[in-house]
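J.: Can you keep this structure in mind? I'll have questions shortly.
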Amino acid sequence: MSFSSSMQRRRPSGIGARTGVGLKGEHVAEILETRPDIGFFEVHAENYMGAGGVPHRQLEAIRCEYPVSLHGVGLSIGAIGVLDEAHLARLKSLNERYEPGLFSEHLAWSTHDTTYFNDLLPVPYDEETLARVCDHIDRVQDVIGRRMLLENPSTYVAFWQSTMSETDFLKEIVRRTGCGLLLDVNNVHVSCTNQQVSARDYLAAFPVEAVGEIHLGGHAPDLDDEGRPLLIDAHDRSVDDAVWLLFEEALLLCGPQPTLIEWDNDVPAWPVLLSEAEAADQIVQRAELRGEQRRAV
Amino acid sequence: MRFDPPGSAVAALEAFAPALLEGERDLPDGIIGPDGKPSPRRFNVYRNNVVVSLVEAVMDSYPAVLKLLGEDYFKAVARLFVINNPPKSPVLIWYGAAFAEFLESFPPLAAYGYLPDVARLEWAWLEAYHAADAAPLQPQTLASVPGDLLAGLKIAPHPSCRWLQSPWPVVSLLAVNRFESGEVVDLAEAQEVLVTRPDLDVEVRLMRPGCACLLEALSAGCSLSEAGERAAQSVQEDVFQFDMCLSDLLAAGALAAFDPEEAAAGFLSGGSNGIPD
């Protein structure tokens, strides 16, 4: 195996305060043909764990033109058992192969015993879980050899066992492990609506200094047993107005950030996704300008 | 009145997991809504996410089986499959290998004997799609091997190469139900199938008699002449045409490339340890 010559033609891996989108196979040809001015593409790591073929060929072609962010959805950092070392090795190898500018995973679990549930399931916020999650993050950062970003979850239930708030839990993880955070603003809106707390208070308590990326996405409205609003993190539509407003507030707190539009189900035609990313980019650029003006004063 | 607190945080997750796939199970203790009360609708969001997303993963891998069964029936069958065979790995592109066996053992579908083999062929297609990239063996490379070394030469199938011998017309069923070809399917026809991916596109084609046996022998490490003998024995002697089989396999990109210099030096011939006789 020799070094591929295409490695030398790759763009730098760094991702600035620009907007990116989740990469979908059906958009790749149009993206490579039209070369849109877009900050980065994010991929779900597990979709690139096959040996070869179309997925890797597409990702390499994209990687030559754009920075890439690697987003794991299956590591199960919140699980009771030990981390899946084979899976961690696969993540390490993808990190080495594609040199992503950002690497992130979730505050959630998805594997129990030997079963993989393919959903980001919630964890109780107590001392015992905190210690276990921190051990797992330490292990991930040791093996992969870089700082990871941990994403705040969408939740539909709470645990009687929880003894602290989600924001205090995240703050303590950052303090103990040195990891960064992926602030999913749609998840903030979804969880806060579902838990009947103020999203603004949540953001005010969020350890914003650790944020290294923001996610935006669409959610589906439903109702719970008592007729209260229950929002589902569906990633199947455009970003809700309430989430756009919350995004602007988040940028005031944590400054301009690499921002991703997530649209994973009922994926629209490329121009629709691109215009959603452009809308987010204008907000990020305004935040950047505000920062420059503040520095100039 | 006595208050029984739910168990520890670990116990909460221990109870959470099995309740995801067993709809009739009680809600796990300690899983609550914002008012502190248990909320079945909230927990059901997770149940639904798990089952629906896994059913969709199976559906994505088996488009011809989906077409043959219709969406409603497929989803009902896939739901049973998911609940009884949930994934063991977070790499979902490998989920669903056991679906053909599940269809085979599912009594309501016993009259549709071809379904499991259509599923096997679609699984072979998926394996080829994700297989390692490798250069297929070119006819001129094979032609460059000195004549006296050819019979003892060991050639491996290409990493993407899969084959299937079916008593059913699986290639035709795939063509009609996945690639919308208009051909007429004769259910009495048995078919041997070759699946390859020489570069990026997966190719599916019929094989002549004996080819599957030839591939089987080559993948087991037999030399070209041993594999040819086994293949000849597997079919009626006068039907097997070794040269035609070999040129079909070469044309399909079914064989892995080798280093012609190593072959010329005899390193790819002879004993199973790779040392020339």
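J.: Which FRET efficiency, nearest 0.05, do A:R290 and A:R146 yield, Cβ-Cβ r, R0 45 Å?
T.: 0.90
J.: First select every other residue whose beta carbon is under 14 angstrom from the beta carbon of A:L130; then total the charges, Lys and Arg +1, Asp and Glu -1.
T.: With Lys, Arg at +1 and Asp, Glu at -1, the neighbours total -4.
J.: Regarding region B:135-277, what's the average projected area of the Cα-atom convex hull, expressed in nm²?
T.: 9.2
J.: Would you mind counting up the charge near B:T196? Only other residues with Cβ under 9 Å from its Cβ, with Lys and Arg at +1 and Asp and Glu at -1.
T.: Once positives and negatives cancel, what remains is +2.
J.: So how compact is the protein assembly as shown: Cα radius of gyration and Dmax in angstrom?
T.: 27.3, 92
J.: Distance between the C-alpha centers of region B:134-212 and region A:133-157? Whole Å please.
T.: Region B:134-212 and region A:133-157 have Cα centres separated by 45 Å.
J.: Which distance in Å, rounded to a whole number, links the C-alpha centroids of region A:40-98 and region A:169-209?
T.: Cα centres, region A:40-98 to region A:169-209: 25 Å.
J.: Can you tell me the FRET efficiency between B:E229 and B:A135 if r is taken as the Cβ-Cβ distance and R0 is 30 Å, rounded to the nearest 0.05?
T.: 0.60
J.: Now for a separate question. For each of B:C222, A:C64, A:C179, B:C161, count neighbouring Cβ atoms within 10 Å of the residue's Cβ, then give the residues from fewest to most.
T.: Fewest to most other Cβ atoms nearby, the residues stand as A:C64, B:C222, A:C179, B:C161.
J.: Using a 10 angstrom Cβ neighbour count of at most 12 plus a DSSP loop assignment to flag exposed trypsin sites (Lys or Arg not before Pro), which longest range of chain B is free of such sites?
T.: Longest stretch, sites excluded: B:26-277.
J.: If you don't mind, another one. If you build a Gaussian network model of chain A, linking Cα atoms that sit under 10 Å apart, which residue out of A:R35, A:R132, A:R176 swings the most?
T.: In the Gaussian network model the winner is A:R35.
J.: Sticking with this structure for a sec: Suppose each label sits 7 Å from its Cα in the direction of the beta carbon; what would the B:A151-A:D264 distance come out to in nanometres?
T.: Label at B:A151, label at A:D264, 5.9 nm between them.
J.: Between A:A210, A:A242, A:A51, which gets the highest mean-square fluctuation from a Gaussian network model of chain A, Cα cutoff 10 Å?
T.: Highest fluctuation among the options: A:A51.
J.: Let me ask another. Suppose only helical runs count, i.e. DSSP H with n ≥ 4. What mean residue ellipticity at 222 nm does that imply for chain A under -39500 (n - 2.57) per run, divided by all residues and rounded to the nearest 500 deg cm²/dmol?
T.: Dividing the helical sum by the residues of chain A leaves -13000 deg cm²/dmol.
J.: Can you tell me what share of the DSSP beta bridges in region B:135-277 is antiparallel? A percent to the nearest 5 is fine.
T.: 100
J.: With a ≥ b ≥ c the root eigenvalues of the C-alpha gyration tensor of region A:14-296, is it rounded (a/c under 1.5), prolate (a/b larger than b/c) or oblate?
T.: In terms of gyration-tensor shape, rounded.
J.: Same structure, new question: How much length, in nm to one decimal, is gained on full extension between B:Y73 and B:A220, taken as 0.36 nm per residue of separation minus their Cα-Cα distance?
T.: Working it through step by step, the gained length comes to 49.0 nm.
J.: Another question about this same structure. Neighbour counts of other C-beta atoms within 10 Å: give me B:M59, B:M244, A:M148 arranged from fewest to most.
T.: B:M244, B:M59, A:M148
J.: Out of the GluC sites (Glu not before Pro) in region B:1-88, which ones are loop residues according to DSSP with at most 13 other C-beta atoms within 10 Å?
T.: B:E22, B:E24
J.: Here is a follow-up. Can you tell which of B:L137, B:A175, B:S247 lies farthest toward the positive end of the dipole of region B:135-277, using +1 and -1 charges on the Cβ of basic and acidic side chains (Lys, Arg; Asp, Glu)?
T.: With unit charges placed on the Cβ atoms, the residue in question is B:A175.
J.: As a quick test, which of the pairs A:K92/B:K154; B:K88/B:K154; A:K92/B:K88; A:K92/B:K67; A:K24/A:K92 have an alpha carbon distance above 27 angstrom in this structure?
T.: The pairs that break the limit, which is 27 Å between Cα atoms, are A:K92/B:K154; B:K88/B:K154; A:K92/B:K67.
J.: Tell me, how many Å apart are the Cα centres for region B:23-88 and for region B:223-270?
T.: 47
J.: Among A:F41, A:T129, A:G81, whose Cα sits farthest toward the positive end of the charge dipole of region A:28-169 (+1 at Cβ of Lys/Arg, -1 at Cβ of Asp/Glu, about the Cα centre)?
T.: Sorting the options by dipole projection puts first A:F41.
J.: With springs connecting C-alpha atoms under 10 Å apart, model chain B as a Gaussian network and identify which of B:G266, B:G228, B:G253 has the largest mean-square fluctuation.
T.: Looking only at B:G266, B:G228, B:G253, the largest GNM fluctuation is found for B:G266.
J.: Next question, about the same structure. Using only C-alpha positions, report the orientation-averaged shadow area of the convex hull of region B:1-112, nm², one decimal.
T.: 9.3
J.: Where does the charge balance sit around A:E60 when Lys and Arg score +1, Asp and Glu -1, over other residues with C-beta under 15 Å from its C-beta?
T.: With Lys, Arg at +1 and Asp, Glu at -1, the neighbours total +1.
J.: At 222 nm, what helix-only mean residue ellipticity would chain B give, in deg cm²/dmol to the nearest 500, using -39500 (n - 2.57) for each DSSP H run of four or more?
T.: Helices in chain B give a 222 nm mean residue ellipticity of -14000 deg cm²/dmol.
J.: A further question on this structure: Report the charge-dipole magnitude of the protein assembly as shown in Debye, nearest 20, computed about the Cα centre from +1 at each Lys and Arg Cβ and -1 at each Asp and Glu Cβ.
T.: Approximately 1080 debye in magnitude.
J.: Kindly work out what percent of the DSSP beta bridges joining two residues of chain A are antiparallel, to the nearest 5.
T.: Of the beta bridges lying entirely in chain A, close to 20 percent run antiparallel.
A short reminder: the numbers here are calculations on the coordinates, not readings from a lab. Please read these numbers as outputs of a predicted model, since none were measured by experiment. Positions of Cβ are backbone-derived with ideal geometry, glycine not excepted, and every protein chain shown enters the neighbour counts.
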